[in-house]
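Here's the structure, in structure tokens; my notes come after.
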Amino acid sequence: MLTLLSGGTGAPKLLQGFARLLKPEELAVIVNTGEDLAVSGLHVSPDLDTVLYTLAGIINEDTWYGIRGDTFFCHEMLKRLGQVELLRIGDRDRATKLYRTLMLEGRKRLSEVTRELCDKLGVRVNVMPMSDKRVRTVIHTEAGALTFHEFWIARGASDKVLGVSFEGAENANPAPGVLEAIEAASAVIIGPSNPVTSIGPILAVRGIRDALSRNRDKVLAVSPIIGTKPVSGPAGILMRGVGREVSPSGVAQVYRDAARNILIDQSDKEFAPAIMELGLKVWFANLLMPDHAARVKLARAVLQLIRAGIELS
Ligand code: GDP
């Protein structure tokens, strides 16, 4: 079994590739919930929904957010009524979020509701939130403390970042099944997601961090940074904000306690010596995944590496 740690854009692209090559029961996904937020009374779990929709084959691949072909009547009507939402939530997507909210109000746990949503959407892969407890990613900036969406969507990542913290993470237990998925996996892949705000919250959950470091030999991180830039999104500005270099070496620094192996782009060979000095093994592939063919190709390369290259414990 392969276990993937995921945010909501880079890792789900690679997940599409794995889903083509592996049986559903051979895959498990542990998903960031640090960006969960309330919108118009709904419990929104952006990364969980992206992973769910990706595996259900209905994700909007233009945005990696919401359902392909969705309509926005409710969002537009709310706007007309003066209720401007921070996120543009589609009508069908809103139904998922409403269902989750109702179930949580009925005292179900987030992991239970996620499993139900998987069943209802025909997803047989084991998708788990990192924790059932609330963890909040806080971006500390010169303009004050912001949530991820305030920082990125409302303010366009224009504020100088001073640091990032994860409220509630120290008291958060891994969700049911998460530790088992790490222990039982033949390899754990840290997907090419934002190391600070997508993977950072997952690693901030102590039980997960400890399990990864115990199993470090079979953990492979896939870099979301190619050269000195992220492929998309605010990972660069956030990495700088937490004192990391924006490069595959900076990614390796973030993951050095959690992963023994890192996969970097084949054009980034110059970074290998510095990464090896950190005690990581370096592997190379074409990490850019603009389309399905590229995603399957990268997933295949990762599987080959797991079968042939990585020293599995
Ligand atoms: P978020 O939850 O929407 O912030 O999404 P993620 O954290 O999962 O994904 C954002 C990260 O994905 C960024 O740091 C990007 O650099 C990375 N990313 C997006 N597309 C690709 C790709 O094709 N290849 C690689 N290696 N990284 C990618």
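Data table
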item: Flag for D62 being modelled with pLDDT of 95 or more and either assigned to a helix (DSSP H, G or I) or touching a Gly at 6+ places or on another chain (Cβ under 8 Å) (or both); result: no
item: Inter-residue pairs, beta-carbon under 7 Å, first closer than 17 Å to L212 by Cα and in region 1-29, second away from the ligand (no atom under 16 Å from the Cβ) and of a type in the set (D, E, K, R), 6+ apart; result: M1/E26; L2/E26
item: Matching helices (runs of 4 or more DSSP H) fully within region 133-230 where at least 1 residues are of a type in the set (D, E) and over 16 Å from D36 (Cβ atoms); result: 178-184, 206-214
item: Qualifying residue in region 232-240 (condition: of a type in the set (V, I, T), assigned to a loop (DSSP other than H, G, I, E, B), within 20 Å of the chain's Cα centre (by Cα) and at pLDDT 95 or above); result: no
item: Matching residues, region 261-282, being charged (D, E, K, R) and either crowded, with 20+ Cβ neighbours inside 10 Å or closer than 16 Å to I225 by Cα (or both); result: D265, D268, K269, E270
item: L78 being part of a helix (DSSP H, G or I), farther than 22 Å from R68 by Cα and more than 21 Å from the chain's Cα centre (by Cα); result: no
item: Options R100, R136, R68, R124: the member that is touching a residue at least 24 places away in the same chain (Cβ under 8 Å), within 20 Å of Q16 (Cβ to Cβ) and among the basic types (K, R); result: R124
item: Residue that is modelled with pLDDT under 95 and either within 26 Å of K108 (Cα to Cα) or away from the ligand (no atom under 16 Å from the Cβ) (or both), where the choices are V29, V84, V51, V39; result: V84
item: Number of the exception - L298 against (1) farther than 26 Å from R136 by Cα; (2) hydrophobic (A, V, I, L, M, F, W, C); (3) outside any helix (DSSP H, G or I); result: (3)
item: Hits in region 262-293 - residues which are within 15 Å of the ligand (Cβ to nearest atom), without any contact (Cβ under 8 Å) to a residue 24 or more places away in the chain and farther than 12 Å from P248 by Cα; result: A285, N286, P290, D291, A293
item: Test: residue in region 157-166 that is surrounded by fewer than 22 Cβ atoms within 10 Å (Cβ to Cβ), within 16 Å of the ligand (Cβ to nearest atom), closer than 29 Å to A285 by Cβ and in contact (Cβ under 8 Å) with a residue 12 or more places away in the chain; result: yes
item: Within region 201-249, considering residues that are within 16 Å of the ligand (Cβ to nearest atom) and of a type in the set (S, T, Y), the one farthest from T63 (Cα to Cα); result: S249
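The values are calculated or read from the model by the stated rules, or taken from the named source; none is laboratory data. All figures in this text were calculated on a predicted structure; none of them were measured in a lab. Please note: Cβ atoms are built from the backbone with ideal geometry, for glycine as well, and neighbour counts cover all protein chains shown.
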